[in-house]
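Peer 1: Quick one: this structure, given as structure tokens, is what I'll be asking you about.
The values are calculated or read from the model by the stated rules, or taken from the named source; none is laboratory data. This is a predicted model, so every value here is computed, not measured. Virtual Cβ from ideal backbone geometry, glycine too; neighbours counted across all protein chains shown.
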Amino acid sequence: MRKRRLRVAVVKHDAHDFSVDREGKDTFRFTKAGAEIVAITSGTHSAIMENRFTTLEDILTRIHDVDVIISEGFKSHEGLKRIGIRRGDYELPDGEYIAVISDVPFECDVPVFGINDYCAFAEWLITDIGLLRLN
């Protein structure tokens, strides 16, 4: 998608506790001291860490200046287009999908892409779903 000059954001849900910070860093100490939000920025990167639950909807309202937002790991959210991921013989979770990515061949009523066929999948998103930038 970057080769086609699309600006992409990715939001990942993790069902486990995670930490993007490291012990010994100032930001880690700020969190341990009770800060609910810790932000850090440099000339090339920025991060805002919220030490509280944040909904997908809240996160999406904060993302701007991108052409597409890909979210992974969230349960169904009304109004969002969903792409199913199927691994092995596991059935897809219930839901309506606009496409499926799978590591095993199978047939269904929507386009199916191989797990490593990211170029074809990105091209499909750009052309069939309409992410092509006109400027």
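Peer 1: Hey, can you tell me all the residues within the range 62-93 that are of a type in the set (Asp, Glu) and at positive phi?
Peer 2: ASP65 - this is the single residue of the range 62-93 that is of a type in the set (Asp, Glu) and at positive phi.
Peer 1: Would you confirm whether or not the range 109-132 contains a residue that is over 27 Å from ARG2 (Cβ atoms) and either among the polar types (S, T, N, Q) or modelled with pLDDT under 90 (or both)?
Peer 2: yes
Conditions tested, residue by residue: (1) more than 25 Å from LYS3 (Cβ to Cβ); (2) in contact (Cβ under 8 Å) with a residue 40 or more places away in the chain; (3) out of contact with any Ser or Thr (no Cβ under 8 Å at 6 or more places or on another chain); (4) part of a strand (DSSP E or B).
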{"position": "PHE28", "(1), (2), (3), (4)": "yes, no, yes, no"}
{"position": "ILE48", "(1), (2), (3), (4)": "yes, no, yes, yes"}
{"position": "GLU57", "(1), (2), (3), (4)": "yes, no, yes, no"}
{"position": "SER71", "(1), (2), (3), (4)": "no, yes, yes, yes"}
{"position": "GLU96", "(1), (2), (3), (4)": "yes, no, yes, no"}
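Peer 1: Next question. Which residue pairs have Cβ atoms under 7 Å apart, sit 6 or more places apart or on different chains, and have a first residue in the range 106-120 that is over 13 Å from ILE85 (Cα atoms) and a second that is among the aromatic types (Phe, Trp, Tyr)?
Peer 2: ALA120/PHE113
Peer 1: Considering (1) exposed (fewer than 11 other Cβ atoms within 10 Å of the Cβ); (2) modelled with pLDDT of 85 or more; (3) over 24 Å from ILE129 (Cβ atoms), say which one ALA15 fails and leave the rest.
Peer 2: With respect to (1) exposed (fewer than 11 other Cβ atoms within 10 Å of the Cβ); (2) modelled with pLDDT of 85 or more; (3) over 24 Å from ILE129 (Cβ atoms), ALA15 is out only on (2).
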